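The values are calculated or read from the model by the stated rules, or taken from the named source; none is laboratory data. Note that this is a predicted model, so its numbers are computed, not measured. Note that each Cβ is placed from the backbone with ideal geometry, even for glycine, and that neighbours are counted across all protein chains shown. Ligands, DNA and RNA are stripped out before the accessible areas are found, and what is left, the full protein with its side chains, is counted by its heavy atoms. Shrake-Rupley method; radii C 1.70, N 1.55, O 1.52, S 1.80 Å.
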Amino acid sequence: LCGDVYLVGAPAGPRISNVKVETSVRKWQITFDNALAALDPGASYALRAQISDGDRQVAEITSRPFQPSELAKGRIPITENWRPEKLWDTHTPQNQYQVTVSLLDSSGKVLDTALPVRFGFREFWIEGRDFYLNGTRTYVAAIPLNNGQGGTAMASYEATRATLQHFKSFGINFVYTHNYGCEPGTHRSFSEVLRAADDE
């Protein structure tokens, strides 16, 4: 094949990516941990998180202004108080939200927007020998979930959800994966496995 080859790099200017969502029922707080790049050291920025439930926006959170020097390893979290209308739980897995986080300049102009992230507001913790989910003492019956190692078809959303439904039929409510090693080809992507677990 003949022709010109063009390499397309990352867009110029400040960027936001890799948003991680953490929720706390005990504190009624939500944290968005964001990766930022190419910031102007002398400029001031802010982050805006828009939370939606389906097509309806249910909250908008804007951080205080911050300087690039406040980043730690290229990341900065924003934490705000928020008490949602519904919680994700084992009996309400459909209770999920979506957040879109944007990077703003000092005038409030949007410089970049990260890909939307789906999440459920919930908190799991351990006190002594007891497990708690959203404040309710929970008993767990665990088994390994090997769909990520069983082949591409087994790692799909549909196959993983069917496996989880089978596990639930005999009392399993907690699974763990076998993702030892991160070398390319060690295992398939867990994105569909995790999405199926969220929904099931």
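General observations
- Any hit, region 147-164, residues being among the aliphatic types (A, V, I, L, M) and touching a strand residue (DSSP E or B) at 6+ places or on another chain (Cβ under 6 Å): no
- Count - residues of region 16-30 that are surrounded by 17 or more Cβ atoms within 10 Å (Cβ to Cβ) and under 18 Å from GLN50 (Cβ atoms): 5
- Condition met for ILE76 (without any contact (Cβ under 8 Å) to a residue 60 or more places away in the chain and either part of a loop (DSSP other than H, G, I, E, B) or loosely packed, with under 15 Cβ neighbours inside 10 Å (or both)): no
- From the list VAL140, VAL193, the lone residue that is in a helix (DSSP H, G or I) and open to solvent by less than 60 Å² (accessible area, probe 1.4 Å) is VAL193.
- Within region 121-133, the residues that satisfy the criterion of being of a type in the set (D, E, K, R) and either touching a helix residue (DSSP H, G or I) at 6+ places or on another chain (Cβ under 9 Å) or open to solvent by 40 Å² or more (accessible area, probe 1.4 Å) (or both) are ARG122, GLU127, ARG129, ASP130.
- Whichever residue in region 97-120 is part of a loop (DSSP other than H, G, I, E, B) and either open to solvent by 30 Å² or more (accessible area, probe 1.4 Å) or among the hydrophobic types (A, V, I, L, M, F, W, C) (or both) and, among such residues, is nearest to ARG161 (Cα to Cα): PRO116
- Residue satisfying all of: in region 146-190; assigned to a helix (DSSP H, G or I) and charged (D, E, K, R); least open to solvent (accessible area, probe 1.4 Å) among these: ARG161
- Enumeration of residues in region 27-43 that are in a loop (DSSP other than H, G, I, E, B), within 14 Å of GLN67 (Cα to Cα) and not small (Gly, Ala, Ser): LEU39, ASP40, PRO41
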